[in-house]
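Here is the structure we will look at.
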Amino acid sequence: MKKKILVTGGAGYIGSHTTLALLEAGYNVVVLDNLCNSSVKSLQRISTLCKIAPEFIQGDIRDRTLLDRIFTSHDISAVLHFAGLKSVGESVTTPLNYYENNVSGSINLLQAMKQAGVFDLVFSSSATVYGESKVMPIREDFPTGQPTNPYGRSKLIIEQILQDMAKSEPQWCIALLRYFNPIGAHPSGMIGEDPNGLPNNLMPYISQIAIGKLKKLSVFGRDYPTPDGTGVRDYIHVQDVAEGHLCALNAIRERNGVNIWNLGTGVGYSVLEIIKAFELASGRTVPFQVIQRRSGDIAECWAAPEKAAKELGWTAKRSLPEMMSDTWRWQQKSPNGYRD
Ligand code: NAD
Ligand code: UDP
């Protein structure tokens with residue numbers, strides 16, 4: 001029997017694409033997800049796509065009894081840890097919830113892994129841990145900054161916990177993957193991002209306008225020191241992010257301690273460029289108005305992807321037009337996400 005990969009948060013946006021990539025690569029996968037921000041339908045669609053079903057356990061990473069049961073009843077070799085809450089705005093209004101879920105949940109998972117003798121971990125971190133870097137592109141050896149909200153701080157705290165733990169317990173092999181801005185969907189249009197309620201992020205907001213669910217985009221500020229005055233980000237296809245996890249999983253087997261890799265393309269696009277690219281891919285107009293800056297936003301942020309290229313043999317392959325057309329295909333096929 002092949003050893004299994006435990007994927008926490010595997011029913012969610014990035015977790016579902018990674019679960020599919022793992023299954024396609026021949027891994028056995030156990031998904032643990034409490035479905036607080038996802039649907040079991042994503043897993044059903046994965047099974048349709050690759051004709052293999054991941055094993056699914058509905059439950060919470062904060063439930064130690066459940067984790068112990070999972071580790072004793074499955075031969076788990078590594079954990080990909082996606083589970084967590086991710087809404088910046090919500091984290092400001094309910095910070096304790098965020099620290100409890102993300103930080104306490106991660107500690108609980110680490111304790112259960114240690115007890116089970118499982119030391120290979122890939123953790124979903126974020127470019128937000130760099131704070132407001134003055135220098136672009138952002139390299140992994142740049143100092144971490146001051147995240148502007150409890151969500152970002154929860155990611156930074158977990159990173160620091162992992163660093164401390166790996167220093168005192170050298171058997172850990174950890175990847176901290178700092179994602180830039182994952183967008184897009186599987187090219188089949190069967191799985192994609194399905195935000196609850198009003199989207200906070202640019203891409204789902206734009207695609208919901210194009211499908212007629214929302215009226216107008218508010219562009220948060222046009223007075224940034226960027227070429228067109230709007231915020232610049234490193235948008236990366238979720239399929240490339242998923243593939244980055246498989247490469248990291250392989251790489252940590254030969255690398256003890258904590259390894260940090262950016263998952264970005266190395267190219268930044270402005271909000272106005274994204275609107276244009278989406279209009280081109282979809283043939284729809286995206287009406288917008290410029291309003292004041294969103295509090296906590298930074299002007300620009302893009303990755304130096306060379307370390308991941310050199311050490312993981314991974315680079316983002318998919319173009320901006322592909323990110324746009326895959327988002328649009330998913331939006332058209334599932335206008336109500338997984339709620340149909
Ligand atoms: P998502 O919300 O779609 O997926 C997270 C999954 O975790 C969901 O299925 C949710 O139900 C599950 N979950 C949450 N709390 C849980 C708990 N206590 N126990 C079990 N399951 C739980 O989010 P995503 O966009 O797929 O992000 C995955 C990870 O990547 C998150 O940790 C997020 O913070 C991180 N990340 C995401 C982005 C992004 O732009 N999407 C950027 C940087 C980092
Ligand atoms: N943005 C915007 N309007 C929106 C959502 C986002 O103008 O409704 C801008 C935001 O200011 C930033 C970029 O789009 O410059 C990406 O924002 P998103 O929330 O998607 O990701 P972030 O980089 O903030 O994590």
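The values are calculated or read from the model by the stated rules, or taken from the named source; none is laboratory data. Bear in mind that the values here come from a model prediction, so they are computed numbers and not experimental data. A quick note on method: Cβ atoms are made from the backbone with ideal geometry, for glycine too, and the neighbour counts reach across all protein chains shown.
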Among the listed residues ILE236, ILE275, which satisfies the condition of being part of a helix (DSSP H, G or I), within 16 Å of ligand 2 (Cβ to nearest atom) and modelled with pLDDT of 95 or more? ILE275
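Results for (1) part of a loop (DSSP other than H, G, I, E, B); (2) surrounded by fewer than 22 Cβ atoms within 10 Å (Cβ to Cβ), shown as yes or no for each residue.
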position: GLN160; (1), (2): no, yes
position: MET165; (1), (2): no, yes
position: GLN171; (1), (2): yes, yes
position: ARG178; (1), (2): no, no
position: PRO187; (1), (2): yes, yes
position: PRO195; (1), (2): yes, yes
position: ASP228; (1), (2): yes, yes
position: LEU249; (1), (2): no, no
Mind checking which residues of the range 278-302 are away from ligand 1 (no atom under 16 Å from the Cβ), under 16 Å from ASP228 (Cα atoms) and not in a strand (DSSP E or B)? GLN292, ARG293, ALA299
Quick one: which residue in ARG139, ARG45, ARG62 is in contact (Cβ under 8 Å) with a residue 12 or more places away in the chain, of a type in the set (Lys, Arg) and under 25 Å from LEU263 (Cα atoms)? ARG139
Of all residues in the range 199-226, count the ones that are away from ligand 1 (no atom under 15 Å from the Cβ) and either part of a strand (DSSP E or B) or not hydroxyl-bearing (Ser, Thr, Tyr) (or both). 17
Within the range 202-212, does at least one residue satisfy the condition of being among the polar types (S, T, N, Q), within 10 Å of ligand 2 (Cβ to nearest atom), surrounded by fewer than 22 Cβ atoms within 10 Å (Cβ to Cβ) and touching a residue at least 12 places away in the same chain (Cβ under 8 Å)? no
Listed by first then second residue, the pairs whose first member lies in the range 80-92 and is charged (D, E, K, R), whose partner is near ligand 1 (Cβ under 8 Å from one of its atoms), with beta carbons under 7 Å and at least 6 positions apart or on separate chains, are LYS86/TYR151
